[in-house]
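The values are calculated or read from the model by the stated rules, or taken from the named source; none is laboratory data. Keep in mind the model is a prediction, meaning the values are calculated, not measured. Because the Cβ atoms are built from the backbone with ideal geometry, glycine has one as well, and the counts that use them run over all protein chains shown.
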Amino acid sequence: MKTSFIMQEKVNNIAILIEKFLEEDLSHEEERKLNEWLREDENNRLFFEQITNKQVLKEKLKIYSTANSEDIWEKTLKKINAVKVMGIPKRKTFKIPNLGLTRWFTTILQHK
């Protein structure tokens, strides 16, 4: 349990650093920490490049904005009910680490 808390804390911290990067509000110390994280793992760098590529994000947001939320909700309810009927055990879900990125995505949509 303690390990998952530490991982969640790290994810939260990285999300804040990415948000500050996108807002061009990183201090020198925060920039150092972000660069350290980027050097830690190739997947970190690839994720960062993808999440900070505004053209890619605009394209994804166009797709999401055209989605029919009622259809998606109905499919979700059917899956939930199927799990209940079949007795499939619940899986742990991923918690969103930081809502700051959501604010940034909203900003992108406003500038379409």
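Some observations on this one:
- Any chance Thr66 is among the hydroxyl-bearing types (Ser, Thr, Tyr), loosely packed, with under 13 Cβ neighbours inside 10 Å and under 20 Å from the mean Cα position of the chain (by Cα): yes
- Some residue of segment 91-100 being out of contact with any Ser or Thr (no Cβ under 9 Å at 6 or more places or on another chain), part of a helix (DSSP H, G or I), surrounded by 10 or more Cβ atoms within 10 Å (Cβ to Cβ) and modelled with pLDDT under 80: yes
Each row is one residue, and each column tells you yes or no for (1) over 16 Å from Ala15 (Cβ atoms); (2) at pLDDT 95 or above; (3) of a type in the set (Asp, Glu).
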| position | (1), (2), (3) |
| --- | --- |
| His28 | yes, yes, no |
| Leu34 | no, yes, no |
| Phe47 | no, no, no |
| Thr52 | no, no, no |
| Leu57 | no, no, no |
| Lys62 | yes, no, no |
| Asn68 | yes, no, no |
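- Scanning segment 1-58 for residues that are exposed (fewer than 11 other Cβ atoms within 10 Å of the Cβ) and of a type in the set (Gly, Ala, Ser) gives Ser4, Ser27.
- Count of segment 22-78 residues which are in contact with a helix residue (DSSP H, G or I) (Cβ under 9 Å, 6 or more places away or on another chain), of a type in the set (Gly, Ala, Ser) and outside any helix (DSSP H, G or I): 1
- Tally, over segment 3-19, of residues that are of a type in the set (Asp, Glu) and farther than 19 Å from Gln50 by Cβ: 1
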